[in-house]
Amino acid sequence: MVRLDGQGQGLIQVRGLDKVYRRGSEVIHVLQGLNLDVDAGEFVAFMGPSGSGKTTLLNLLGGLDRPSAGRIIVDGVDITRLSNSELARWRARHVGFVFQTFNLIPVLTAFQNVELPLLLTRLSRAERRQRVEAALRLVGLADRMKHYPRELSGGQEQRVAIARAIVTDPTFLLCDEPTGDLDRRSAEEILDLLVALHREFGKTILLVTHDMRAAERAPVVLHLDKGVLVEARGGVGV
Amino acid sequence: MGIPVLYTIRSAQVRWVPNLVAVVSIAGTVAVFVSMLALASGFRATLVASGSAQNALVRRAGSTAEVESVLTIEEVRTIQDAPGIARDDQGPQVSPEALVIVARPLRQTGTDANVQLRGVSPRVWAVRPNVRIVAGRAFTPGLPEVIVGKHAARAYQGTELGSTLRFGGTAWKVVGIFDAGGTAFDSEIWCDAVLLNQAFQRPAQIFQSVTVRLVSPDAFSSFKDALTADPRLRVQVDREIDYYRKNSQAVTRMIEILGTLVAFIMGIGAVFAGLNTMYSALSARVREVAVLRALGFGALSVLGAFLLEALLIAAIGGLAGLFLVLPLNGWTTSTINWQTFSHLSFAFRVTPRLAFEGFFFALGIGFLGGLPPAWRAARWPVARALREL
């Protein structure tokens with residue numbers, strides 16, 4: 001269930017979220033009093049024009065930025081109250097990021113890129129290897145483990161990025177325009193993969209996209225305009 | 001666990017061209033730093049090695065250097081009777097010595113340079129057993145013959161075996177070349193002390209110093225006490241090794257200060273080279289840093305990774321600098337010894353301690369050059385950095 005009235009008790013609870021940027025004397029309200037509840041296992045797409053605050057919302061939900069006001073509670077933890085180092089640890093444990101430009105580390109192989117988040121856990125070397133291989137198998141790249149990002153296609157790079165996002169089994173995935181830099185066919189493969197992660201593994205996925213075709217793959221679509229969630233489609237309780 | 005070292009190493013490899021600039025800059029600085037200290041170290045070692053712990057050097061009280069001292073034959077005789085002096089079947093092992101500075105043209109430039117002419121007694125071989133004839137023979141007492149130290153033979157014109165040198169109105173035949181084990185004596189010319197005084201029209205029974213072989217290094221105190229307590233003598237007594245150590249201080253201190261100053265100035269340049277390299281590395285990797293932070297690596301991990309990269313570059317620069325300077329080890333050069341105003345040949349001495357100092361100097365440069373960019377990388381707002389192209 002996804003709710004916008006601030007009355008839910010979902011996995012992710014956003015209450016009165018404001019984000020204000022100042023550019024000289026100009027004050028820009030990117031998000032204004034936003035409420036949102038997302039239950040575990042939901043797949044939600046956020047749509048909206050450029051500058052509507054989609055990426056800002058994603059960054060706030062992922063603990064990459066701090067709100068000007070309001071609270072974000074994930075699995076009972078108010079992440080707006082965490083210190084920077086606590087927030088870094090929280091991100092490592094609870095969030096899997098998938099970016100538009102893949103953002104793989106170019107000097108590391110696919111295997112090493114996927115292994116990165118696991119270096120922050122207490123897993124042994126053998127356990128890490130097992131998990132990385134499983135994640136890469138899941139995204140269909142078991143045979144590309146030793147390849148560097150420059151040796152992969154855009155679609156393959158994004159699949160490695162998804163493997164990196166899921167390898168720690170995070171509480172939820174945040175995908176920021178994951179198909180934005182891909183051709184149609186690769187984009188479809190990535191969306192198929194996200195849908196499979198949601199359906200088969202019950203992953204909670206929050207997707208920001210411009211692409212209507214990408215948004216249609218999510219059961220719930222929310223529209224963000226001028227910092228406010230103004231429209232919804234799917235199973236939303238308002 | 002922090003950001004893998006592999007990431008740091010490979011990132012440094014990828015940006016090898018700008019990193020090479022920093023490496024060369026640090027290598028040059030370390031090479032200059034270590035070579036200057038090796039110069040000072042070689043100078044000091046040459047002079048200190050000239051003295052033996054078992055020898056005592058006696059001069060007139062108040063004279064800071066051997067050349068300023070005057071001792072009469074009566075004083076020499078009194079000294080010979082002091083306790084603690086080693087003796088053999090030829091009597092006490094004592095060498096009263098006279099010194100004269102003469103100018104000789106250098107082989108390399110043809111210009112005159114001062115060389116120390118030391119008049120010694122026939123007992124000098126017992127007092128300085130480390131000195132040995134390597135070509136020809138020893139001079140004959142009473143004859144105008146000289147033997148030339150191996151460094152002096154290389155440095156000055158007309159010092160070949162069999163040639164004749166003119167000074168003090170006398171023609172001196174070069175009858176031997178001696179090796180004093182790389183000490184200051186290798187830069188000297190030796191002859192009979194009595195003849196030297198005659199040639200330079202000095203009183204026959206006057207010497208500058210007396211070098212004494214003691215029965216053991218422990219005998220020094222009793223020997224010194226006996227001389228300083230004797231009312232017939234106004235002398236100062238030093239262990240020979242201490243005299244030469246003091247003798248080396250002025251020049252070594254000057255070289256060390258000059259070397260450190262030059263290295264410090266070059267070091268500032270190298271720090272800026274490091275800063276430039278690491279800032280450019282950082283600006284090229286803004287998103288990588290942001291991604292690492294987004295994945296959960298803390299600010300300290302990022303700081304550590306960038307600092308490690310700077311230290312890695314500095315370490316390579318430091319090793320390259322040491323590699324550059326190592327061939328200097330043992331290379332002989334010469335300078336004026338300010339205590340004697342004569343030329344002294346000595347070898348650069350790159351010791352393990354100097355190598356460590358040079359290496360840590362390089363790491364210091366790396367740390368100073370890497371810390372500000374690393375600090376900046378660690379504090380970069382993640383969300384904003386992710387938007388950087």
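Looking only at the stretch B:167-191, which residues are touching a helix residue (DSSP H, G or I) at 6+ places or on another chain (Cβ under 9 Å) and either surrounded by fewer than 17 Cβ atoms within 10 Å (Cβ to Cβ) or not assigned by TED's automatic domain parsing to the domain that holds B:Arg128 (or both)? Show your work before the answer.
If we filter the stretch B:167-191 for residues that are touching a helix residue (DSSP H, G or I) at 6+ places or on another chain (Cβ under 9 Å), which is where we start, we get B:167-170, B:172, B:174, B:177-191.
Hits for the stretch B:167-191 are B:Gly169, B:Thr170, B:Gly181.
Here's a check for you: in the stretch A:58-71, which residue that is within 14 Å of chain B (Cβ to nearest Cβ) and not in a helix (DSSP H, G or I) is nearest to the chain's Cα centre (by Cα)? Walk me through it before giving the result.
So the first thing to find is which residues in the stretch A:58-71 are within 14 Å of chain B (Cβ to nearest Cβ), and the list is A:58-68.
Now drop any that are not not in a helix (DSSP H, G or I), which leaves A:62-68.
Values: A:Gly62: 7, A:Gly63: 11, A:Leu64: 11, A:Asp65: 14, A:Arg66: 16, A:Pro67: 17, A:Ser68: 21 Å.
Checking each candidate, the answer is A:Gly62.
In this structure, is B:Val131 in contact (Cβ under 8 Å) with a residue 12 or more places away in the chain and within 23 Å of B:Gln201 (Cα to Cα)? Step through it out loud before you land on a result.
Values: in contact (Cβ under 8 Å) with a residue 12 or more places away in the chain: yes; within 23 Å of B:Gln201 (Cα to Cα): no.
Taking the combined requirement at face value, the residue does not satisfy it.
Residue by residue, here is whether (1) under 30 Å from the mean Cα position of the chain (by Cα); (2) under 18 Å from B:Val32 (Cα atoms); (3) in contact (Cβ under 8 Å) with a residue 60 or more places away in the chain holds:
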| position | (1), (2), (3) |
| --- | --- |
| B:Ile241 | yes, no, yes |
| B:Arg245 | yes, no, yes |
| B:Ile255 | yes, yes, yes |
| B:Leu282 | no, no, yes |
| B:Ser301 | no, no, yes |
| B:Ala310 | no, no, yes |
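Of everything in the stretch A:21-57 that's within 14 Å of chain B (Cβ to nearest Cβ) and open to solvent by less than 40 Å² (accessible area, probe 1.4 Å), which residue is nearest to A:Glu177 (Cα to Cα)? Full working, then the answer.
The initial filter retains those residues of the stretch A:21-57 that are within 14 Å of chain B (Cβ to nearest Cβ), namely A:21-23, A:30-31, A:50-51, A:53-57.
Keeping just the survivors that are open to solvent by less than 40 Å² (accessible area, probe 1.4 Å) gives A:30-31, A:53-54, A:56-57.
Working: A:Val30: 18, A:Leu31: 19, A:Gly53: 13, A:Lys54: 10, A:Thr56: 13, A:Leu57: 13 Å.
Per the stated criteria, the residue is A:Lys54.
Can you tell me how many residues in the stretch B:109-139 are out of contact with any helix residue (DSSP H, G or I) (no Cβ under 8 Å at 6 or more places or on another chain), over 18 Å from B:Leu161 (Cα atoms), not in a strand (DSSP E or B) and not β-branched (Val, Ile, Thr)?
Going through the stretch B:109-139 one residue at a time, the tally reaches 7.
What's the number of the condition B:Tyr156 fails, among (1) open to solvent by less than 10 Å² (accessible area, probe 1.4 Å); (2) closer than 23 Å to B:Arg213 by Cβ; (3) under 25 Å from the mean Cα position of the chain (by Cα)?
In the conditions (1) open to solvent by less than 10 Å² (accessible area, probe 1.4 Å); (2) closer than 23 Å to B:Arg213 by Cβ; (3) under 25 Å from the mean Cα position of the chain (by Cα), B:Tyr156 misses (2) alone.
Counting only residues that are polar (S, T, N, Q) and buried (at least 22 other Cβ atoms within 10 Å of the Cβ), which one in the stretch B:1-34 is farthest from the other protein chains (Cβ to nearest Cβ)?
Result: B:Thr29.
Does A:Arg129 satisfy the condition of being closer than 23 Å to A:Ser186 by Cβ and surrounded by fewer than 20 Cβ atoms within 10 Å (Cβ to Cβ)? Let's see the steps before the verdict.
On the way: closer than 23 Å to A:Ser186 by Cβ: no; surrounded by fewer than 20 Cβ atoms within 10 Å (Cβ to Cβ): yes.
It is false that A:Arg129 is closer than 23 Å to A:Ser186 by Cβ and surrounded by fewer than 20 Cβ atoms within 10 Å (Cβ to Cβ).
Scan the stretch A:118-128 and give yes if some residue there is within 13 Å of chain B (Cβ to nearest Cβ) and within 23 Å of B:Arg387 (Cα to Cα), otherwise no.
no
Taking into account only those residues within the stretch B:276-307 that are more than 14 Å from every other protein chain (Cβ to nearest Cβ) and open to solvent by 30 Å² or more (accessible area, probe 1.4 Å), which is nearest to A:Arg91 (Cα to Cα)?
Checking each candidate, the answer is B:Ser283.
Out of the residues in the stretch B:35-50 meeting the condition of being among the small types (Gly, Ala, Ser) and open to solvent by 10 Å² or more (accessible area, probe 1.4 Å), tell me which one is nearest to the other protein chains (Cβ to nearest Cβ). I'd like the intermediate steps shown before the answer.
If we filter the stretch B:35-50 for residues that are among the small types (Gly, Ala, Ser), which is where we start, we get B:35, B:38, B:40-42, B:45, B:49-50.
Narrowing the set further to residues that are open to solvent by 10 Å² or more (accessible area, probe 1.4 Å) leaves B:35, B:41, B:45, B:49.
Details: B:Ser35: 36, B:Ser41: 42, B:Ala45: 47, B:Ala49: 52 Å.
Looking at residues that are among the small types (Gly, Ala, Ser) and open to solvent by 10 Å² or more (accessible area, probe 1.4 Å), I get B:Ser35.
Here are some conditions: (1) hydrophobic (A, V, I, L, M, F, W, C); (2) open to solvent by 50 Å² or more (accessible area, probe 1.4 Å); (3) assigned to a strand (DSSP E or B). B:Val67 meets all but one. Which one does it not meet?
So the condition that B:Val67 fails would be (3).
Can you pull out every residue in the stretch B:199-216 that is surrounded by 14 or more Cβ atoms within 10 Å (Cβ to Cβ) and at pLDDT 90 or above?
B:Phe207, B:Gln208, B:Ser209, B:Val210, B:Thr211, B:Val212, B:Arg213, B:Leu214, B:Val215
Kindly check whether there is at least one residue in the stretch A:123-139 that is touching a Lys or Arg at 6+ places or on another chain (Cβ under 9 Å), in a loop (DSSP other than H, G, I, E, B) and more than 25 Å from A:Ala88 (Cα to Cα).
There is at least one residue in the stretch A:123-139 that is touching a Lys or Arg at 6+ places or on another chain (Cβ under 9 Å), in a loop (DSSP other than H, G, I, E, B) and more than 25 Å from A:Ala88 (Cα to Cα).
Given (1) within 28 Å of B:Ile79 (Cβ to Cβ); (2) open to solvent by 40 Å² or more (accessible area, probe 1.4 Å); (3) not in a strand (DSSP E or B), identify the lone condition not met by B:Ile101.
B:Ile101 satisfies every listed condition except (3).
Specify the residue that is farthest from A:Pro170 (Cα to Cα); the eligible residues are those in the stretch A:100-114 that are more than 7 Å from every other protein chain (Cβ to nearest Cβ) and outside any helix (DSSP H, G or I).
Only one residue fits best here, namely A:Pro106.
Which condition from (1) surrounded by fewer than 20 Cβ atoms within 10 Å (Cβ to Cβ); (2) in contact (Cβ under 8 Å) with a residue 24 or more places away in the chain is the one that B:Thr164 breaks?
If we test B:Thr164 against (1) surrounded by fewer than 20 Cβ atoms within 10 Å (Cβ to Cβ); (2) in contact (Cβ under 8 Å) with a residue 24 or more places away in the chain, just (2) comes out false.
One residue is enough: does the stretch B:38-49 have a residue meeting the conditions assigned to a helix (DSSP H, G or I), over 27 Å from B:Thr351 (Cβ atoms), touching a residue at least 60 places away in the same chain (Cβ under 8 Å) and not hydrophobic (A, V, I, L, M, F, W, C)? Walk me through it before giving the result.
Taking the stretch B:38-49 first, the residues assigned to a helix (DSSP H, G or I) are B:38-49.
So of that shortlist, the ones also over 27 Å from B:Thr351 (Cβ atoms) come out as none.
No, the stretch B:38-49 has no match at all.
For residues that are at the interface with chain B (Cβ under 7 Å from one of its Cβ atoms) and small (Gly, Ala, Ser), scanning just the stretch A:88-99, find the one that is farthest from the chain's Cα centre (by Cα).
My answer is A:Ala88.
The values are calculated or read from the model by the stated rules, or taken from the named source; none is laboratory data. A quick note: this is a predicted structure, and the numbers were derived from the prediction, not measured. Glycine gets a Cβ as well: all are built from the backbone with ideal geometry, and neighbour counts include every protein chain shown. Side chains are part of the model used for accessible areas, which takes the heavy atoms of the whole protein and leaves out ligands, DNA and RNA. Shrake-Rupley method; radii C 1.70, N 1.55, O 1.52, S 1.80 Å.
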